[in-house]
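Down below is the structure, laid out as structure tokens.
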Amino acid sequence: MHKHSPVNCIVPPYMLKNIATSGTPVQKNVAMETLKLSAQMRGQRQALADFSAATFRVAAGGKDRVVYDARNGSSLPGTVVRKEGDGPTADVAVNEAYDGSGVTYDLFNNEYQRNSIDGNGMRLDSTVHYRRGYDNAFWDGEQMVYGDGDEDLPEDERLFNRFTIAIDIIGHELTHGVTQFEAKLQYFQQPGALNESMSDVFGSLVKQYQLQQLASEADWIIGGGLLTENVNGVGIRSMKEPGTAYDDPVLGKDPQPGHMRDYVTTISDNGGVHINSGIPNRAFYITAVELGGFAWERAGQIWYVTLKDKLTATSRFQDCASQTYQVAGQLFGAGSVEQQAVRKGWAEVGLNVDGGGTPPTEPGGGCLEALLRMIGAAPAKR
Amino acid sequence: MDVERIKFERTGGFAGMTIARDLKPDDLSEEQVHKLSELLDDLEFENLPEQMTGSESMPDEFTYTITVETRRGEHTVVTGDASAPEKMQELLQFLNRLARKKKNP
Ligand SMILES: [Zn+2]
């Protein structure tokens, strides 16, 4: 390989991976060298290691799941009931936790070359049957925890089903782990709402990835199936139309805004982290639908790189808007359709990608095309 | 402990739905009142620190604000699912189940 690569810009790793796995030996080599270079540029040895492992996988040692049963108690993690490689059990919650964390692992590993939560093969621990009548799921800093909803009430009084029922909830909780290792977004006010939104974004992408749905086919609902038939609602949040997921005499109405003008100021819920996440959620939805295709590919890649390399503990919505735009330029070129889609996504929720944050520095300009041309796989001009 | 009133507030959680309840002995069964007194006595609730949370909430855990009123005054404790000590878990479960929303309550 030459001293200077003709392609000194960042190409989406999923594209490189496709090339490296399905290309000729020469193409593979070019893809690998390009990735090495961009990894060196960003000082990310780990990214390179992950990429090598994902592309030229020789040994397993990536996906490692353990599901525990709290047996309605509160001691964590509880008793091991299913380990990596074990067959299904008779307990549906156990199997959902196992399968859901598996699909989440696959999405991050296959599409973003991330080996588990910490990028280094961390074991995925889930505990089901936490307490009794526990209407919730959470990430405790080390593992996922799921309640059974209102299982202890007579059926006609129940509002919530078990929390493993929706795979996007599982993806949501695991993504809290990823955020904990990357941007470390404070769980408070705007950084907290961004933390929540990242979990909804990748939670929804896990569901779409499992179903192999196009952005236009997905329902963009978080927690579909979680509410019982006693509730008037389709789920907990709608990324497509925040504020419309439920409207019920007992549960009340979905309080999410989908635009900055409706931003809710509150001290409750850590400063409204589950409320204002509707704003960045909708920005992602618009970006993804604008681009079409599978949302986890281009839109998801832009958001993932932003979460990993750009956002910090105190990032606010404006920072996320500016940085996703910047990342889109780096990945796909300045003025690319991807960058324009990101601009539109944020504009429709009342944020200008040019406002605040660091201005785009990457010259960009079709670096992906340059790479593809070099290896003789240039696509038709967009 | 002669409880006159318990103010229970639960915020956060994956669904972000707040529950606030005033629980008075008159509204509870004898068995429930007995159980509650027992749990509070075992915990020595009046002597618990007011803040029983970490510096920051864990994602999606509930945050509980529990105020117990007795003839001698009132005491408030703020805690969360992940940060509450093991001995408090039974009280949290008990109050949670009493206070949560239900269809046809
Ligand atoms: Zn969350």
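Annotations
- B:Leu48 in contact with a strand residue (DSSP E or B) (Cβ under 7 Å, 6 or more places away or on another chain) and within 30 Å of A:Gln186 (Cα to Cα): yes
- Of A:Ala334, A:Ala347, A:Ala313, all but one fail to be modelled with pLDDT of 95 or more and closer than 26 Å to A:Gln180 by Cα; the exception is A:Ala313.
- Scanning the range A:240-277 for residues that are within 12 Å of A:Val349 (Cβ to Cβ) and aliphatic (A, V, I, L, M) yields a count of 1.
- Filter result for A:Glu196 (among the acidic types (Asp, Glu) and within 13 Å of chain B (Cβ to nearest Cβ)): yes
- Filter result (of a type in the set (Gly, Ala, Ser), within 11 Å of chain B (Cβ to nearest Cβ) and within 20 Å of the chain's Cα centre (by Cα)) within the range A:229-244: A:Gly235
- Residue in the range B:92-102 that is in a loop (DSSP other than H, G, I, E, B), within 13 Å of the chain's Cα centre (by Cα), more than 16 Å from the ligand (Cβ to nearest atom) and of a type in the set (A, V, I, L, M) present: no
- Residue satisfying condition, being crowded, with 20+ Cβ neighbours inside 10 Å, closer than 20 Å to A:Ala288 by Cα and not assigned by TED's automatic domain parsing to the domain that holds A:Trp296, within set A:Asp200, A:Asp148, A:Asp168: A:Asp168
- Looking across A:Gly119, A:Gly141, one residue alone is surrounded by fewer than 24 Cβ atoms within 10 Å (Cβ to Cβ), over 23 Å from A:Asp69 (Cα atoms), not acidic (Asp, Glu) and not assigned by TED's automatic domain parsing to the domain that holds A:Arg316. It is A:Gly119.
- Some residue of the range B:79-94 being buried (at least 20 other Cβ atoms within 10 Å of the Cβ), within 14 Å of chain A (Cβ to nearest Cβ) and farther than 28 Å from A:Ser199 by Cα: yes
- Restricting A:Leu194, A:Leu174 to those that are aliphatic (A, V, I, L, M) and not assigned by TED's automatic domain parsing to the domain that holds A:Pro249 reduces the list to A:Leu174.
The values are calculated or read from the model by the stated rules, or taken from the named source; none is laboratory data. Because the structure is predicted, anything quoted here is derived from the model rather than measured. Every residue, glycine among them, receives a Cβ derived from its backbone with ideal geometry; neighbour counts consider all protein chains shown.
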